[in-house]
Amino acid sequence: MTAAGVASEGTVDVPRIRIYHRLPSLARNPLAVLEDIAHRHGDRLVRLDLGFSKPYLVTRPDHVQRVWQRADIYVRGGGMWDTARSFHGNGILGEGEQWQVSRKLLQPLFTGKSISKLMDATAGTVDQAVEDLAGRVGAGAEVNAHQEMLQITQRVLGRAFLGDRIPNQDAATISRAVFTAYGALGVRLLLPFVSRRVPLPRDRAYRRDVHTIDSTLLPYIAQARAEEPTSDILSVLVHARDEHGDRLADRLVRDDMVAMFLAGTETTASTLTWLWTLRELHPEVAARQDEEIRTVVGDGPVTAEHVGKLTYTRAVLDEVLRLYPAGWFLPRVLTEPDELGGVALAPGSTVITSPYLTHRNPRLWPEPERFDPDRFAGDQPRRHPYAYYPFAGGVHRCLGSHFFVIEAVLVCAAMLSRFRHRVRVAHPLVPDVAGSLRPRGTTVMELRPA
């Protein structure tokens, strides 16, 4: 990888990095390529020369803040988003009028007041799901950690937000298909310039998974339309009307439901899978977390009241998200002239923000590769708000971030109060850069009663 030179764009010189000759490496391991660039150039704005495109890489917190707080001019657009829209559409994970409609409908369901009403039911669902897992494990067994976390989070989503409208078996089918489809789409997300007429690995699997999602989900959309309105998300969507008085099309309802399964099950399950692996590698962290859970939870079931008391467990989750944020790569397209740090950007420019890279900047995070939950202890120095942004930011900040924390803390507490675990750890840890950042391969976890 070589710098193509330094060009003056505005009042600041911008390094231009030729990487088009390393596209195979970029597709195979984009994290390594981008980390190398970030290491060489720090948090300077740099321009990546891909040949067909020349996006700006943005990692400095104040620059990232500008991008996220000016979502009116930095929009979800370009080849990667076009590819992603083929899967989750243009609703809550989209842009423009349809995004505004979806956000207006869904945001009230994720306010602090609304989430507080769900905490008891969520705790009960998590506890029952982990109890069922204990019944299957018996005296001890090896399990696929990600699949087990996916099952638990799918049950929570179904109970808390779908009112059990979609039976567990079908909800599990949708969750698995969303997980594998988004993973299969990963190649095209990294190579958005490749025509869809050109076959790529996993295309066939992607089409199969999308068919599974639609054939399972669409009948429930039709059923919900025929029934009286209730408070669950599916009912809210099918009975809503836009500003013109029209009901939402089935496609938009489907897209928002896919987004809910993606954010509410897949990303949470991936984060929890990273957590089990990192605990295995850091027994001192595991011991502190175990002690906290023994003290707070004891031998009884987890409850909503435990969440606020499990402060170290929350710090562990925050540190997992620092190292392995699910949304690691978040491009935007500029719609009008702007300036970032003295660099003049023209309309049509693509900028790439990356929580993964910002979270590993040694200027912001000393020894950034070290797993240290104490970074998030209450007595730490105040950081720039965009030194850490695992849930994105601005108006596009993840609606479910507060619920994620509650759910993930409860799952940790329920699992660790019932089980001792060991994880087969691959060395070195290699993330699978799919739609979200997930552990590569199967994470095998041995569970035994505590």
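The values are calculated or read from the model by the stated rules, or taken from the named source; none is laboratory data. This is a predicted model, so every value here is computed, not measured. Neighbour counts are summed over all protein chains in view; Cβ atoms, including those assigned to glycine, are modelled from backbone coordinates with ideal geometry.
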- prompt: Take the residues of region 145-169 that are among the polar types (S, T, N, Q) and in contact with a helix residue (DSSP H, G or I) (Cβ under 9 Å, 6 or more places away or on another chain): which is modelled with the lowest pLDDT?
  reply: ASN168
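Considering each residue of region 429-450, count those that are β-branched (Val, Ile, Thr) and closer than 17 Å to ALA181 by Cα, and give that number.
Taking region 429-450 first, the residues β-branched (Val, Ile, Thr) are 430, 433, 442-444.
Now narrow it down to the ones that are closer than 17 Å to ALA181 by Cα: 433, 442.
So the count comes out to 2.
Within region 423-435, which residues are surrounded by 22 or more Cβ atoms within 10 Å (Cβ to Cβ) and part of a strand (DSSP E or B)?
Within region 423-435, the first condition is being surrounded by 22 or more Cβ atoms within 10 Å (Cβ to Cβ), and the residues that meet it are 433-435.
Once the filter is applied, which keeps residues that are surrounded by 22 or more Cβ atoms within 10 Å (Cβ to Cβ) and part of a strand (DSSP E or B), region 423-435 yields only VAL433.
Results for (1) under 23 Å from TYR206 (Cβ atoms); (2) in contact with a Lys or Arg (Cβ under 8 Å, 6 or more places away or on another chain), shown as yes or no for each residue.
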position	(1), (2)
HIS63	no, no
VAL75	no, yes
MET80	yes, no
ALA84	yes, no
GLU95	yes, yes
LYS104	no, no
- prompt: Which members of region 69-105 meet the condition of being over 25 Å from ARG196 (Cα atoms) and polar (S, T, N, Q)?
  reply: GLN69, GLN100, SER102
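Filter region 398-414 down to residues that are small (Gly, Ala, Ser) and closer than 15 Å to SER270 by Cα and give me whichever is surrounded by the fewest Cβ atoms within 10 Å (Cβ to Cβ). Break it down stepwise before answering.
Step one: of region 398-414, the residues small (Gly, Ala, Ser) are 400-401, 408, 413-414.
If we keep only those that are closer than 15 Å to SER270 by Cα too, we end up with 401, 408.
Details: SER401: 14, ALA408: 25.
The qualifying residue surrounded by the fewest Cβ atoms within 10 Å (Cβ to Cβ) is SER401.
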- prompt: Can you name every residue in region 373-397 that is surrounded by 17 or more Cβ atoms within 10 Å (Cβ to Cβ), assigned to a loop (DSSP other than H, G, I, E, B) and of a type outside the set (A, V, I, L, M, F, W, C)?
  reply: TYR386, TYR388, TYR389, PRO390, GLY393
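Looking only at region 48-64, count how many residues are crowded, with 20+ Cβ neighbours inside 10 Å and closer than 18 Å to SER25 by Cα. Write out each step before concluding.
Within region 48-64, the subset crowded, with 20+ Cβ neighbours inside 10 Å is 48, 56-61, 63-64.
Filter once more, so that each one left must be closer than 18 Å to SER25 by Cα: 48, 57.
The total comes to 2.
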Residue check, PRO229 closer than 30 Å to VAL433 by Cα, not charged (D, E, K, R) and not in a helix (DSSP H, G or I): no
- request: Inspect region 329-351 for any residue being basic (Lys, Arg), under 13 Å from the mean Cα position of the chain (by Cα) and under 21 Å from TYR389 (Cα atoms) and give the result as yes or no.
  value: no
message: Quick check on this structure: which one of LEU317, LEU262 is among the hydrophobic types (A, V, I, L, M, F, W, C), in contact with a helix residue (DSSP H, G or I) (Cβ under 8 Å, 6 or more places away or on another chain), at pLDDT below 95 and within 22 Å of PHE404 (Cα to Cα)?
response: LEU262
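Have a look at ARG438, ARG370, ARG420 and point out the one that is under 21 Å from HIS282 (Cβ atoms), crowded, with 18+ Cβ neighbours inside 10 Å and of a type in the set (D, E, K, R). First the steps, then the outcome.
Details: ARG370 fails: crowded, with 18+ Cβ neighbours inside 10 Å; ARG420 fails: crowded, with 18+ Cβ neighbours inside 10 Å.
Criteria check complete, one pass: ARG438.
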query: Residues in region 107-120: is at least one in contact with a Ser or Thr (Cβ under 9 Å, 6 or more places away or on another chain) and buried (at least 20 other Cβ atoms within 10 Å of the Cβ)?
result: no
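When you look at ALA450, is it buried (at least 23 other Cβ atoms within 10 Å of the Cβ) and hydrophobic (A, V, I, L, M, F, W, C), yes or no?
Details: buried (at least 23 other Cβ atoms within 10 Å of the Cβ): no; hydrophobic (A, V, I, L, M, F, W, C): yes.
No; evaluated as a whole, the condition is false for this residue.
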query: Taking region 337-377, which residues are farther than 22 Å from HIS41 by Cβ and in contact (Cβ under 8 Å) with a residue 24 or more places away in the chain?
result: PHE371, ASP372, PRO373, ASP374, ARG375, PHE376, ALA377
- request: At least 1 residues that are touching an Asp or Glu at 6+ places or on another chain (Cβ under 6 Å) and surrounded by fewer than 23 Cβ atoms within 10 Å (Cβ to Cβ) in each: list the helices (runs of 4 or more DSSP H) lying fully within region 141-215 that qualify.
  value: 168-184
message: Can you find a residue that is buried (at least 22 other Cβ atoms within 10 Å of the Cβ), within 30 Å of THR125 (Cα to Cα) and out of contact with any strand residue (DSSP E or B) (no Cβ under 6 Å at 6 or more places or on another chain) anywhere in region 350-358?
response: no
